[in-house]
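Notes follow once the structure below has been shown.
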Amino acid sequence: QCVLRCPVGALYEQDHVERVWQALHDPSTRVVAQIAPAVRVSVGEAFGTAPGAPLTGQIVAALRWLGFDYVFDTNFGADLTVMEEAAELLRRLSGTGPREPLPLLTSCCPAWVKYLEHYFPERLAHLSTCRSPHEMVGAVVKQHFAARAGIDPERLFVVSIMPCTAKKFEARREELGGAVDAVLTTREFIRMLRQAGLDVTRLAPEPMDPLLGQSTGAAVIFGGSGGVAQAALRTAYHMATGQDLTPDALEWTELGAGGGIRRLDVALGDRVLRCAIVDGLRAARALLESPEFERLDFVEVMACPGGCVGGGGQPRPAAGEAGSVEARLARASALAGIDRASPLRCAHHNPEVQALYAEWLGSPGSERSHRVLHTHYRPRAVPVAKAG
Ligand code: SF4
């Protein structure tokens, strides 16, 4: 097992390929795949496309060819995360929740969550209790989809295809109850495609399966730094004012000389919401230790430079090709393009999300939503560096 350079030991390059092949070959197991936003704009790089080429439908076709029984979209979970996080933000702003301080910190990056647990446990009450999008999908699949489809949840095996090595650690967290059984990084998924002799670029696109397959432009931008905050603001604004925010109207300003932090104030009814986007754990530490932290209302933190498009499980550019920074920028720009071209750009307009609340969850922040879609955190000892 190779341990990458990670300050909190969350980033294990732990191979799940064999485990997934075994599940696919087990006739008594129904295997479910879900795909993160950043994966769809990077898989093609291994098959000769330029960084950023979106291959969502072709990836769905490849997963069915490999034997997956159902293919869902982590973007559906991102829309759910937006609904829950926006409701949580408004509840904290109203000051009615117990022990829920501001700023609210986003929680969809497991490396950031673990960093806070190790090094800033006194700040854990700031972390959103929302599960990350793929863990929300895993929970809904096992607790709701299984019942609707008449499948024993014990026979369901949920595989998340992620740009991220830290998601492997996250899936093992006891607090999440085994909602996700295996996490394939983008590189591992590419390896499976090659083992099966599949060139994903040559397949005809297919749609995701219904119920957890539809998503909005707000969800797809989760893959780049700033996307989570922007998506949550679109829906928090609508929940607070009844109006839709113009998605492209949000202009963020670089803060300070150190880089990595952007700021924006948004008028939310009669209150100004002070928001920040933080790129990387070094900038996060600087903000946590700064007096500015206490003056903020909402902060997004992603551990990888540029967010998940630059995640540790993404394809690495070969020598002579565009460098990793260029690849990351191209992938982020492709996700922003998908958002701009989406007919629905706000999570609260997702018809499948609306249907899930209407038929099962109730409302964002309801008792059932909390049981299924939220979690809790705990302080962890500071890791001791090993010699050698
Ligand atoms: Fe994973 Fe990096 Fe994305 Fe965090 S920013 S969720 S560590 S890929």
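The values are calculated or read from the model by the stated rules, or taken from the named source; none is laboratory data. Being a predicted model, the structure only gives us computed values, none of them experimental. Neighbour counts run over all protein chains shown; Cβ positions are idealised from the backbone, glycine included.
Let's see how each residue does on (1) surrounded by 21 or more Cβ atoms within 10 Å (Cβ to Cβ); (2) of a type in the set (A, V, I, L, M):
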residue	(1), (2)
Leu296	no, yes
Val299	yes, yes
Met302	yes, yes
Gly310	yes, no
Ser342	no, no
Gln354	no, no
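Here's a check for you: in region 187-226, which residue that is in a helix (DSSP H, G or I) and charged (D, E, K, R) is farthest from Trp65 (Cα to Cα)?
Our first condition is that a residue be in a helix (DSSP H, G or I); within region 187-226, this holds for 187-195, 200-202, 217-223.
If we keep only those that are charged (D, E, K, R) too, we end up with 187-188, 191, 194, 202.
Details: Arg187: 18, Glu188: 17, Arg191: 15, Arg194: 13, Arg202: 13 Å.
Checked region 187-226; the qualifying residue farthest from Trp65 (Cα to Cα) is Arg187.
None of Ala62, Ala78, Ala38 is touching a Gly at 6+ places or on another chain (Cβ under 8 Å), aliphatic (A, V, I, L, M) and crowded, with 24+ Cβ neighbours inside 10 Å except Ala38.
Restricting to region 25-61, name every residue that is away from the ligand (no atom under 16 Å from the Cβ), among the β-branched types (Val, Ile, Thr) and within 15 Å of Leu203 (Cα to Cα). Listed by number, the residues that qualify are Thr49, Thr56, Ile59, Val60. On inspection, Leu212 fails the criterion of being more than 17 Å from the chain's Cα centre (by Cα) and more than 16 Å from the ligand (Cβ to nearest atom).
Scanning region 227-254 for residues being out of contact with any helix residue (DSSP H, G or I) (no Cβ under 9 Å at 6 or more places or on another chain) and in contact (Cβ under 8 Å) with a residue 40 or more places away in the chain gives a total of 1. Looking at region 364-378, which of the residues that are loosely packed, with under 13 Cβ neighbours inside 10 Å and in contact (Cβ under 8 Å) with a residue 40 or more places away in the chain is nearest to Ala179 (Cα to Cα)? Among those that are loosely packed, with under 13 Cβ neighbours inside 10 Å and in contact (Cβ under 8 Å) with a residue 40 or more places away in the chain, it is His376.
Pick from region 303-324 the residues that are more than 8 Å from the ligand (Cβ to nearest atom) and at positive phi: which of them is modelled with the highest pLDDT? If we take residues in region 303-324 being more than 8 Å from the ligand (Cβ to nearest atom) and at positive phi, then Gly306 is modelled with the highest pLDDT. Take region 267-304 and flag every residue that is β-branched (Val, Ile, Thr) and in contact with an Asp or Glu (Cβ under 9 Å, 6 or more places away or on another chain). Within region 267-304, Val272, Ile277, Val278, Val301 meet the criteria. In region 104-186, counting only helices (runs of 4 or more DSSP H) that sit wholly within it, the ones holding 1 or more residues that are in contact (Cβ under 8 Å) with a residue 40 or more places away in the chain, within 16 Å of the ligand (Cβ to nearest atom) and within 26 Å of Asp15 (Cα to Cα) span 110-119, 133-140, 166-171.
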